[in-house]
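The values are calculated or read from the model by the stated rules, or taken from the named source; none is laboratory data. Just so it is clear, the structure is predicted and the values come from calculations on it, not from any experiment. We place every Cβ from the backbone using ideal geometry, glycine too, and count neighbours over all the protein chains shown. For accessibility, only protein heavy atoms count, side chains too; no ligands or nucleic acids. Shrake-Rupley method; radii C 1.70, N 1.55, O 1.52, S 1.80 Å.
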Amino acid sequence: LDRYFKFYLRDDADIEQAAREYATDPYVEDARINGLIQSSFVPNDQYYNAVQQWGLFNIQMSTAWNTANGSGVRIAIVDTGVNRTHPDLLPNMYVSGAELVANSLDDDGNGKIDDPYGWDFITNSASILDASGHGTHVAGIAAAVANNTSGIAGVAFGATIIPVRVLG
């Protein structure tokens, strides 16, 4: 560290320019800016803004997304069902790889027949269709795909959505 020097500049100084100037000095081996740099992930979704997704701005999600985005997490949306074909949700929808569709068997051994996408406890079937839109709205807030230039960004946009219909 005998060849390490730290320089302090005036508050109004252009620090990038100062680093470039020091770097051109033949007696300087390397010149770098030493400071705290914070970046935030800001998705390009159509409705991700402080007016339409004000809640995410209030809880500073763009800062939190630098650390985690929900990848590897499964979120059960226990509500009115979920529109699993919604373009902002479809990539994050749960699909049981062990369950085959329409073979009248419980392939994945969970006690439910032909339920690759979730379960409807109202009709006791695999139909998770959301007739009211509430569960789909909740699923979007929780885990809508982010950075796809459309729709909104979900809080845990890397998470998997498991629809569980318990409300009519």
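Is it the case that region 75-88 has a residue that's open to solvent by 60 Å² or more (accessible area, probe 1.4 Å), in a helix (DSSP H, G or I) and under 19 Å from Gln46 (Cβ atoms)? The answer is no, given that none of the residues of region 75-88 is open to solvent by 60 Å² or more (accessible area, probe 1.4 Å), in a helix (DSSP H, G or I) and under 19 Å from Gln46 (Cβ atoms).
Would you confirm, using the coordinates I've provided, whether Ala31 is assigned to a loop (DSSP other than H, G, I, E, B), surrounded by 14 or more Cβ atoms within 10 Å (Cβ to Cβ), more than 14 Å from the chain's Cα centre (by Cα) and of a type in the set (Gly, Ala, Ser)? Taking the combined requirement at face value, the residue satisfies it. Inspect region 103-123 for any residue being under 20 Å from Leu167 (Cβ atoms), assigned to a loop (DSSP other than H, G, I, E, B), out of contact with any Lys or Arg (no Cβ under 7 Å at 6 or more places or on another chain) and open to solvent by 20 Å² or more (accessible area, probe 1.4 Å) and give the result as yes or no. Yes: one or more hits.
Write out, first by first residue and then by second, each pair whose Cβ atoms fall under 7 Å of each other, whose residues are 6+ apart or on separate chains, and whose first residue, in region 11-22, is closer than 11 Å to Ile33 by Cβ while the second is aliphatic (A, V, I, L, M) and open to solvent by less than 80 Å² (accessible area, probe 1.4 Å). Pairs that qualify, where the first residue is closer than 11 Å to Ile33 by Cβ and the partner is aliphatic (A, V, I, L, M) and open to solvent by less than 80 Å² (accessible area, probe 1.4 Å), are Ile15/Leu9; Ala18/Leu9; Ala19/Ala31; Tyr22/Val28; Tyr22/Ala31. Among the residues of region 145-168, those that are in a loop (DSSP other than H, G, I, E, B) and open to solvent by 40 Å² or more (accessible area, probe 1.4 Å) comprise Asn147, Asn148, Thr149, Ser150, Ile152, Val155, Val166, Leu167, Gly168. Annotation note: of Tyr94, Tyr48, Tyr8, the sole residue that is modelled with pLDDT of 90 or more and more than 15 Å from Ile141 (Cβ to Cβ) is Tyr94.
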